[in-house]
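Encoded as structure tokens, the structure appears first; notes follow it.
The values are calculated or read from the model by the stated rules, or taken from the named source; none is laboratory data. Only a predicted model underlies this, so the values are computations on that prediction, with no experimental measurement involved. Counting neighbours? That spans all protein chains shown, and the Cβs are built from the backbone with ideal geometry, glycine included. When the accessible area is computed, the model is the full protein with side chains, heavy atoms only, and any ligands, DNA or RNA have been set aside. Shrake-Rupley method; radii C 1.70, N 1.55, O 1.52, S 1.80 Å.
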Amino acid sequence: MIYTSGDPAADSYVSLAEADAYFASRVGASAWDPLSPGDKEKALLHACREMESFNYKEPKRTVAQALSFPTWRDVSVPARVKWAQCEQALHVSQNASTGGRSKAQQLAAQGVTSFKIGDHSQTFAGGGASAASVLAPAAYQYLAPFIASTGRLLDNFEESANPAGAWPLGN
């Protein structure tokens, strides 16, 4: 797992040690402790891949970096992004049998807009695979300020739109 900020080979925003420290200070995270180090790394990598599937408001700091953060305004990865990855990793590990998705997220991803069972009902905003339907609620709360209204990332926009890697001013 490579978590160096801005590294062209990075595949995670947080190290296993950082994730363990985050969960050690979080109430209700006891499900993280019994996971093996290998399973924790798998969950962190899965969470990062899911986070990378969204289009963010700010461009990468450099075109060469593998991940979306830090952005051109940041020197390092914002704490909220690291916390989001930890929360998403916990969510993924708790829902491993369903590909990291809660039942509600599975329904929303299949296009279900609402359902009712007895006295309980739930309505999904927008349907489809929005950030709110893919990410754990806590992860979404941390990442929401960064996610662009266009939602999903289409391709390597930064590379095609800015081949010199000179965001935001150009050469």
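Overview of values
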{"item": "Carbon/sulfur fraction of accessible area - segment 1-75, other protein chains in place, 1.4 Å, %", "result": "55"}
{"item": "Distant-in-sequence amide H partners of Arg61 (H built 1.01 Å from N, under 5 Å)", "result": "Thr71, Trp72"}
{"item": "Rounded if a/c under 1.5, otherwise prolate or oblate - segment 1-95, Cα gyration tensor axes", "result": "prolate"}
{"item": "Those lysines that a straight Cα-Cα span of less than 19 Å connects to Lys82, excepting residues fewer than 8 apart in one chain", "result": "Lys40, Lys42, Lys57, Lys60"}
{"item": "Accessible area of segment 24-76 divided out per residue, in Å², using a probe of 1.4 angstrom", "result": "52"}
{"item": "Glu52/Val75 FRET efficiency (R0 25 Å; Cβ-Cβ; nearest 0.05)", "result": "0.80"}
{"item": "Modelled FRET efficiency - R0 25 Å, Lys116 with Val27, Cβ distances, 0.05 increments", "result": "0.20"}
